[in-house]
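> What follows is a structure written as structure tokens; I'll ask about it next.
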């Protein structure tokens with residue numbers, strides 16, 4: 001029911017990864033396009049963000065078994081491809097204000113505080 005409700009949310013691909021592929025929140029948030037082999041149906045979970053004090057730092061996954069390739073079913077591959085197309089449209093619309101996060105989640109548009 002949650003995924004049906006969240007289908008139009010910009011973070012749907014993230015929710016889908018967590019629900020259908022069993023990724024932990026940090027593993028899903030740390031996923032990068034460079035780690036995705038969509039044609040082969042694989043996603044490496046080599047990095048994840050961690051809170052260190054008041055800053056977010058990128059580090060290794062929680063466990064050694066988390067640092068592995070996750071098999072992606074055809075439905076998840078389709079969700080990620082659609083998300084990539086939406087992300088590319090957002091990048092083109094933002095122009096030079098786009099900040100490339102290299103993540104399969106929505107990028108951020110630059111604001112006065114991030115320029």
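The values are calculated or read from the model by the stated rules, or taken from the named source; none is laboratory data. Just so you know, these numbers come straight off a predicted model, no measurement behind them. Positions of Cβ are generated from backbone atoms using ideal geometry, with glycine treated the same way; all protein chains shown enter the neighbour counts.
> Return the residues of region 36-56 that are surrounded by 15 or more Cβ atoms within 10 Å (Cβ to Cβ) and outside any strand (DSSP E or B); say none if nothing qualifies.
38, 41, 45, 46, 47, listed by residue number.
> Suppose we filter 25, 21 for residues that are loosely packed, with under 14 Cβ neighbours inside 10 Å, more than 24 Å from residue 89 (Cα to Cα) and in contact with a helix residue (DSSP H, G or I) (Cβ under 7 Å, 6 or more places away or on another chain); which single one remains? Show your work before the answer.
On the way: 21 fails: loosely packed, with under 14 Cβ neighbours inside 10 Å.
It is 25.
> Those residues that are exposed (fewer than 14 other Cβ atoms within 10 Å of the Cβ) and in a helix (DSSP H, G or I), I need them from region 4-18; list them, please.
Of everything in region 4-18, those that are exposed (fewer than 14 other Cβ atoms within 10 Å of the Cβ) and in a helix (DSSP H, G or I) turn out to be 4, 5.
> Can I ask one more? Could you give every pair whose Cβ atoms fall below 7 Å, whose first residue belongs to region 54-71 and is over 21 Å from residue 21 (Cα atoms), and whose second residue is at pLDDT 60 or above and assigned to a helix (DSSP H, G or I), counting only separations of at least 6 or pairs across chains?
58/30
> Could you list, in sequence order, the residues of region 5-47 that are within 19 Å of residue 85 (Cα to Cα), in contact (Cβ under 8 Å) with a residue 24 or more places away in the chain and in contact with a strand residue (DSSP E or B) (Cβ under 7 Å, 6 or more places away or on another chain)?
Within region 5-47, 29, 31, 36, 41, 42, 43 qualify.
> Checking residue 65 against (1) at pLDDT 90 or above; (2) more than 11 Å from the chain's Cα centre (by Cα); (3) in a helix (DSSP H, G or I), only one condition comes out false. Which one?
Tallying (1) at pLDDT 90 or above; (2) more than 11 Å from the chain's Cα centre (by Cα); (3) in a helix (DSSP H, G or I), residue 65 fails exactly one: (1).
> One residue is enough: does region 72-92 have a residue meeting the conditions over 14 Å from the mean Cα position of the chain (by Cα), in a loop (DSSP other than H, G, I, E, B) and modelled with pLDDT under 80?
No, the conditions are met nowhere in region 72-92.
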